[in-house]
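Student: Below: one structure in structure tokens.
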Amino acid sequence: MKDLLQHASFVRFWFARVTAVAGTQMLMLSIGWHMYELTGSAWDLGLVGLFQFAPALAMMLVAGHTADRFHRAHIVAICLAAQAGVAVLLVSGTLAHAVTREWLLVLSGVLGAIRPFQMSAQQALLPMLVPAPLLARATAFSSAGTQTAIIAGPAVGGLVFAASVNAVYVSCALLFFTAALTCIGVRYVRIPVVHEPVSATTVLAGVRFIWTNPLLLGAVSLDLFAVLLGGATALLPIFAKEILHVGPEGLGLLRSAPAVGALVAGFALARYPLSRGVGKKLLLAVAVFGACMVVFGLSRSFWLSLVVLAISGGADMVSVVVRQTLVQLETPDNMRGRVAAVNTLFIGASNQLGEFESGVTAAVLGPVGSVVIGGVGTIGISLAWFRLFRPLAIRETLG
């Protein structure tokens, strides 16, 4: 680990990312619970995800092009400051008793528009902060730090929310401002960029690059379809309140549980990187994730639910590290922003659009039916990708 910590800009980036993720987790936890308290509707919980995804889709190509033309650390800092502004708006709206269903949906849309710029620049920035041989370990260590924030964020957010929703929003604003200031100090050697004129050809270059590379197409689309079907995050308020009967404190623990497993797996991968059979291990990890969702959907025990969510987080961490490392190593730097934008869209679709899918199916089938069927679908995706994307399935090493 010492070799990673010797790179000061990587350490600053890591701290800023962990702090920002903690703020994001607390913010989304609060918005979800706030929405459910206002409306009591699974459909509205799904709409929060949809309102984040739609602007992200619109901004994706512009965000990638921006990350390839401008200072990536500064882009991330601006995005974090903007998210702090959203938290401040939520504080003022709550104090004025003006927060409504529509208010939460509009601000969710603002967050969705910001995120592609942050994620594209963030993903493209990491390979510039450490030497190539350390990239897989840096990805795992960075992801482990992120999972630490995902553990702490919802758990602390749930406890603070029990006292006051505004206390959560204030905490989020402070975390985002701290992360933005830290990110300004990130330095890296920028490779001279040939400023091509903005056109459909340059903007769509990342899409074409992924489409013509079966390994990358399989890697980025795997996350889209697997988590799109298997995610249960949007329904956790329902499970916490109506099925497991554990309230906002329990909701925070449920949101944190996948991160516990991911944290353990992340530090293990940072210490012992995968060396052989990475493609098969990736697809197996996705199948395990789907199986965990099936068990979670059927569980009526809070503790069993926590355990299977933790296992799902560990499996997802294996998937994240393999996919992200392959994407970074297979992409030239002058296209990393645009490729990262497409990857970000797929990740966003799997999360935000997945939340909408969960809300819709839960409204029709109930929350249990939605999660169980989604988990079965994720297992099916893993099996299908083994045949559809052979270059990914037979990939032996990350390098």
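Student: Of the conditions (1) farther than 21 Å from Leu134 by Cβ; (2) in a helix (DSSP H, G or I), Arg300 clears all except one; give me its number.
Tutor: It is condition (2) that Arg300 fails.
Student: Is region 367-376 home to any residue that is of a type outside the set (Phe, Trp, Tyr), surrounded by fewer than 23 Cβ atoms within 10 Å (Cβ to Cβ), more than 12 Å from Leu229 (Cβ to Cβ) and modelled with pLDDT of 75 or more?
Tutor: Step one: filter region 367-376 for residues of a type outside the set (Phe, Trp, Tyr), giving 367-376.
Going one step further and asking which of them are surrounded by fewer than 23 Cβ atoms within 10 Å (Cβ to Cβ), we end up with 368-369, 372-373, 376.
In the following step, the residues that additionally are more than 12 Å from Leu229 (Cβ to Cβ) were identified as 368-369.
Filter again for modelled with pLDDT of 75 or more, leaving 368-369.
Looking for residues that are of a type outside the set (Phe, Trp, Tyr), surrounded by fewer than 23 Cβ atoms within 10 Å (Cβ to Cβ), more than 12 Å from Leu229 (Cβ to Cβ) and modelled with pLDDT of 75 or more, one finds at least one in region 367-376, hence yes.
Student: For the list (1) closer than 30 Å to Arg336 by Cα; (2) assigned to a helix (DSSP H, G or I), I need the number of the one condition that Leu104 fails.
Tutor: Unmet for Leu104, out of (1) closer than 30 Å to Arg336 by Cα; (2) assigned to a helix (DSSP H, G or I): (1).
Student: Counting only residues that are crowded, with 22+ Cβ neighbours inside 10 Å and either touching a Phe, Trp or Tyr at 6+ places or on another chain (Cβ under 8 Å) or not hydrophobic (A, V, I, L, M, F, W, C) (or both), how many does region 8-23 have?
Tutor: 5
Student: Another question about this same structure. Residues in region 101-109: is at least one within 27 Å of Met335 (Cβ to Cβ), touching a residue at least 12 places away in the same chain (Cβ under 8 Å) and basic (Lys, Arg)?
Tutor: Of the residues in region 101-109, the ones within 27 Å of Met335 (Cβ to Cβ) are none.
There is no residue in region 101-109 that is within 27 Å of Met335 (Cβ to Cβ), touching a residue at least 12 places away in the same chain (Cβ under 8 Å) and basic (Lys, Arg).
Student: Can you find even one residue in region 50-70 that is modelled with pLDDT of 85 or more and β-branched (Val, Ile, Thr)? First the steps, then the outcome.
Tutor: Here is the first cut: in region 50-70, the residues modelled with pLDDT of 85 or more are none.
Within region 50-70 (the criterion being modelled with pLDDT of 85 or more and β-branched (Val, Ile, Thr)), the answer is no, since none of the residues qualifies.
Student: Looking at Ala270, Ala285 in this structure, which one is crowded, with 21+ Cβ neighbours inside 10 Å and at pLDDT 85 or above? Can you show your working first?
Tutor: Details: Ala270 fails: at pLDDT 85 or above.
Of Ala270, Ala285, the one residue that is crowded, with 21+ Cβ neighbours inside 10 Å and at pLDDT 85 or above is Ala285.
Student: Name the residue, out of Thr361, Thr344, that is at pLDDT below 90, assigned to a helix (DSSP H, G or I) and buried (at least 22 other Cβ atoms within 10 Å of the Cβ). So that I can check it myself, show each step before the final result.
Tutor: Values: Thr361 fails: buried (at least 22 other Cβ atoms within 10 Å of the Cβ).
Result: Thr344 is the single residue among Thr361, Thr344 that is at pLDDT below 90, assigned to a helix (DSSP H, G or I) and buried (at least 22 other Cβ atoms within 10 Å of the Cβ).
Student: Evaluate the following for Arg72: is it within 19 Å of the chain's Cα centre (by Cα) and of a type in the set (Lys, Arg)? Before the answer, list the steps.
Tutor: Numbers: within 19 Å of the chain's Cα centre (by Cα): yes; of a type in the set (Lys, Arg): yes.
So Arg72 passes the test.
Student: Now for a different question. Pairs please, first residue from region 206-228 and free of Cβ contacts under 8 Å to residues at least 60 places away in the same chain and surrounded by fewer than 23 Cβ atoms within 10 Å (Cβ to Cβ), second anywhere and polar (S, T, N, Q) and assigned to a helix (DSSP H, G or I), Cβ atoms under 9 Å, 6+ apart in sequence or on different chains.
Tutor: Qualifying pairs under 9 Å: Arg208/Thr201.
Student: Take region 308-341 and flag every residue that is charged (D, E, K, R), in contact with a Leu (Cβ under 9 Å, 6 or more places away or on another chain) and under 20 Å from Ile75 (Cα atoms). Working first, answer last.
Tutor: Filtering region 308-341 for residues charged (D, E, K, R) gives 316, 323, 330, 333, 336, 338.
From what's left, in contact with a Leu (Cβ under 9 Å, 6 or more places away or on another chain): 323, 330, 336, 338.
Selection gives Arg336, Arg338.
Student: Still on this structure, I have one more. As an exercise: evaluate Ala124 against (1) crowded, with 24+ Cβ neighbours inside 10 Å; (2) modelled with pLDDT of 85 or more and give the number of the one condition it does not meet.
Tutor: (2)
The values are calculated or read from the model by the stated rules, or taken from the named source; none is laboratory data. Source: prediction; values computed, not measured. So basically every Cβ, Gly included, is an ideal-geometry build from the backbone, and we count neighbours across all protein chains shown.
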